[in-house]
Amino acid sequence: MLLRFRSSVQVLAFLSSPGHRQKLRRSLELRQPLTTISTSTSAATPLHLYQPTPSEIAERRQAQVRSKQITHERNLLLKENFDYVAIRLICDSTLKAEMKLTKREKKGRIFMLPPTEPGDIPMKRLRNQLHSFYNVLLKDSYDLHASTAIPDSDTDPDSDDLDFLTLSLPQCTAIRSDADLLQAFSDAAAQKPPTSLRPQFTLFVTSSPNRPLPPPLPSYRLNLPVPSASPTMTMCSFYAFPSPPMNPEELNPHALLLHKLFTPFEALGRIYIASEGVNAQMAVPTNVLEKFIEACHSVEWWGGWIENGVNIDPVEVPRATFFDPPIDPNTKVKPAQPFTNLHIRVREKIVAEDLESALDWGAAGEDMAPMDWHERLLEGNEMEEGEVNKPIILDCRNKYETGVGRFVGAEPLETESFRESFDVIKERLKDVPKDQPIMSYCTGGIRCVKVGAYLTQELGMTNVSRLAGGIIAYDRSLQPQPEKQSLFKGTNYVFDHRVGRTITDDLLGVCVTCAAPAGKLSNCNNNRCHKRMVQCESCSGSFLGCCGGECRVRFVNSKIAVDPDPLTLENYAQIHTSKPSKLLSQIAENTKNLFPSGAHMVSSDTQGRLLSSLAGLTGRCGRILEIGTFTGYASICLAEGLASSGGGYVLSLERDDRSSWAAREHLKAVMDTFNKQIMADARVDSTLLTIRDGIMLLRKLSS
């Protein structure tokens with residue numbers, strides 16, 4: 001499937017359309033199965049996503065061929081058979097909003113043969129065609145009205161056509177029975193315009209006052225504030241290990257359900273779901289946070305299994321800073337936005353590990369509240385080494401995380417990935433008594449669940465506890481108690497583009513560049529390197545956020561923009577393009593008022609100046625043929641270019657009468673304004689013709 005676009009904006013628009021996303025998904029299903037690439041020595045593991053069989057793929061392709069053939073035959077039939085009545089469809093604003101119509105559906109047409117055989121039920125055929133055209137139109141939710149008057153083709157499809165047209169168009173009658181529809185066919189045939197090839201009428205599809213009431217909104221959607229009005233964003237996370245686990249075949253539908261559930265909150269982030277549960281790191285507008293938490297708890301499968309509730313970061317992020325992070329004063333580089341979209345991914349496991357036997361995640365030791373954890377740490381740090389019941393504090397995070405921040409007295413596992421943790425723990429505790437107190441913690445608590453289950457069920461430890469909610473919950477619990485000094489020192493690594501959040505000013509890391517104490521965790525700005533590193537403020541500025549001199553050179557040479565508003569080709573062209581005349585600006589404004597849905601077809605300032613330049617290159621007495629005048633903006637630009645080169649001829653053709661009239665008026669204004677100054681002196685003849693007259697003139701010119 002080859003798709004062509006004129007700009008990246010259209011690519012985004014294509015992918016953001018639900019219908020287009022479905023088409024793209026169907027096309028991707030015809031390709032090879034997706035796999036996850038693992039950094040371990042094990043082979044790549046297929047994702048638990050539905051993959052069509054070869055026979056299913058063949059059936060889909062055959063169905064596509066049949067569908068194209070049916071459409072082709074239908075189009076041929078419509079071209080040859082003018083007995084079909086053209087029915088212009090217009091929905092009221094209520095149905096437009098409910099069905100989220102595309103531009104084609106807002107200004108759609110269907111074709112239907114009047115009944116010719118006894119027993120034909122035209123209303124049934126009409127309703128079937130309506131439901132085929134509007135895929136989400138609900139049965140018994142609408143009324144129909146017909147009128148032989150046809151609205152202007154340039155009516156804005158986003159305007160409320162019904163209120164305007166119902167009041168202004170005559171002979172609008174209700175269509176409730178076969179007899180009403182037959183009368184509409186008869187009126188359309190009797191009032192067929194002489195220029196029309198087939199009968200036609202307008203059918204208004206309106207929301208029925210007797211329609212079934214929609215299901216009531218859930219409580220978390222009632223009185224929901226406007227998320228975009230929130231001045232701040234709140235970072236949060238949650239996880240759940242429900243019992244029983246979900247059927248793998250239900251995961252993809254569940255992912256779609258979650259996307260629909262969280263979209264009204266304008267929540268961003270990353271959610272992983274697997275048969276074992278859910279793991280989420282998200283950013284939510286603060287003014288809807290309580291409603292968002294209520295929605296999370298309403299999910300049937302895992303809502304009642306969220307451990308320790310939704311974990312909320314104690315520091316709110318200003319909305320402006322979240323969506324447009326300021327430039328780093330040291331590196332002069334604009335940091336990435338924490339989250340840019342809502343991604344929901346189906347995974348094998350929500351936290352990857354290579355345990356051979358299945359464990360019960362519900363039996364993972366004691367959940368210790370943050371303040372109880374604080375007091376227990378104070379007691380443990382006062383004990384002497386080797387003293388009975390002195391707790392072993394395990395930092396279950398990876399090496400790069402513990403390198404910039406950890407609890408006082410904690411033992412980092414020094415692992416590169418979580419998969420390595422279990423072998424390290426087994427080796428560390430092989431000579432430890434089974435009743436020795438073991439305390440574990442991680443960023444948000446989810447990894448400690450798996451570690452706790454391993455300690456109790458595999459190693460047989462009997463005194464296992466873990467920090468409920470992880471470092472994030474500890475930091476939040478300590479905020480209202482400034483008299484208590486944090487026992488976590490340094491920076492807490494977080495799983496978004498912020499990378500780290502400073503809790504204390506302690507510098508526990510070592511700068512990768514100069515080996516000085518450092519606490520800033522980042523990624524090398526050289527995209528070809530991009531390694532995770534710890535770097536001091538001085539080296540971060542000197543090396544532009546790169547890990548070394550070589551990466552800095554590559555970063556600079558790659559011309560990665562360090563300016564917050566990089567100069568694009570479009571911006572450059574606008575800066576160096578002369579401003580259009582007031583007359584051209586007025587033509588653009590007139591077009592916007594006359595043709596709201598077609599205003600985008602007017603040439604931009606840059607395009608207009610380019611047309612003038614190209615016309616000027618034709619030399620003296622140049623001749624230009626323009627197909628599609630519209631309102632004359634481009635025609636005048638071409639004429640100006642010919643004038644600057646000594647004169648010439650512009651022949652412009654336009655098929656639409658309204659556009660032709662507007663262009664004529666604009667050209668008259670130009671001739672009146674510049675007749676003696678430019679146009680007449682340069683001997684530019686600007687001619688505007690309709691299509692029929694234009695064809696005759698072209699024949700004369702060619703002869």
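Just a few scattered comments:
- R0 of 56 Å, Cβ-Cβ distance Lys531-Ser93: FRET efficiency to nearest 0.05: 0.55
- Cross-link partners of Lys582 among aspartates and glutamates, defined as those whose alpha carbon lies under 17 angstrom from its own and excluding same-chain residues fewer than eight positions apart: Asp605, Glu640, Glu665, Asp672.
- Given charges at Cβ of Lys, Arg, Asp, Glu: segment 299-405 dipole, positive-most of Phe322, Ile393, Val310: Phe322
- Approximate spin-label separation Arg198-Lys484, in nm, with each point projected 7 Å along Cα-to-Cβ: 7.6
- Amide hydrogen neighbours beyond the local backbone of Met461, cut-off 5 Å, H modeled: Thr456
- Debye, to nearest 20: dipole size of segment 359-411, +1 on Lys, Arg Cβ, -1 on Asp, Glu Cβ: 320
- Rounded to the nearest 0.05, the FRET efficiency derived from the C-beta distance between Ser219 and Arg127 at R0 = 45 Å is 0.80.
- Computed magnitude of the charge dipole of segment 189-291 (debye, nearest 20; Cβ of K, R +1, Cβ of D, E -1): 640
- Across segment 409-419, computed HN-Hα scalar couplings (Karplus, 6.51 cos²θ - 1.76 cosθ + 1.60, θ = phi - 60°) run x, 7, 9, x, 7, 6, 9, 8, 8, 5, 4 Hz from first to last residue, x flagging Gly and Pro.
- Taking a straight line from the alpha carbon of Lys103, these aspartates and glutamates sit under 12 Å away, with near neighbours fewer than eight places off in the same chain left out: Asp156, Asp158.
- Estimated dipole of segment 231-310 in Debye, rounded to 20 [Cβ of Lys and Arg +1, of Asp and Glu -1, Cα centre]: 220
- In order along segment 525-534, phi translates into HN-Hα couplings of 6, 6, 4, 6, 9, 6, 6, 6, 8, 10 Hz, rounded to whole numbers, per the Karplus curve 6.51 cos²θ - 1.76 cosθ + 1.60 with θ = phi - 60° and x for Gly and Pro.
- As a fraction of the 1.4 Å probe accessible area of segment 309-363, surface on carbon and sulfur atoms comes out at 53 percent.
- Cα centroid separation, segment 412-443 to segment 351-394 (Å): 10
- Proximal aspartates and glutamates relative to Lys349, as straight alpha-carbon distance under 18 Å, when same-chain residues fewer than 8 apart are discounted: Glu249, Glu250, Glu276, Glu307, Asp360, Glu420
- Given charges at Cβ of Lys, Arg, Asp, Glu: segment 395-539 dipole, positive-most of Phe488, Thr502, Ala515: Thr502
- Spacing of the two label points (7 Å from each Cα toward its C-beta) at Glu356 and Glu414, in nm: 2.6
- Which listed pairs, of Lys450/Lys484; Lys390/Lys484; Lys332/Lys489; Lys260/Lys291; Lys390/Lys434; Lys79/Lys192, have C-alpha distances above 20 Å, in listed order: Lys450/Lys484; Lys390/Lys484; Lys332/Lys489
- Ordering of 483-489, 60-66 by burial proxy (mean other Cβ atoms within 10 Å per residue, highest first): 483-489, 60-66
- Whole-number Å³ per residue for the convex hull built on Cα positions in segment 596-662: 74
- When a 1.4 Å probe is rolled over the protein heavy atoms, the share of accessible surface on segment 231-280 that falls to carbon and sulfur comes to 63 percent.
- Theoretical FRET efficiency, 1/(1+(r/R0)^6), r = Cβ-Cβ of Asn381 and Gln586, R0 60 Å, to 0.05: 0.15
- The H on the amide N of Val333, modeled in the peptide plane, is under 5 Å from the matching H of Asp328, each at least 5 residues off or on a different chain.
- Taking 16 Å as the cut-off, the amide N atoms of segment 60-88 that come nearer than this to a point 7 Å along the Cα-to-beta-carbon line of Cys172 belong to 88.
- Modelled spin-label separation between Ser228 and Glu59, with each label point placed 7 Å from Cα along the Cα-to-Cβ direction: 4.3 nm.
- Residues of segment 379-398 with an amide N closer than 20 Å to a point placed 7 Å from the Cα of Asp431 along the Cα-to-Cβ direction: 384-394.
The values are calculated or read from the model by the stated rules, or taken from the named source; none is laboratory data. Owing to the predicted nature of the structure, the values given are computational and were not obtained by experimental measurement. Positions of Cβ are generated from backbone atoms using ideal geometry, with glycine treated the same way; all protein chains shown enter the neighbour counts. Note: areas computed on protein heavy atoms with side chains; ligands, DNA, RNA excluded. Shrake-Rupley method; radii C 1.70, N 1.55, O 1.52, S 1.80 Å.
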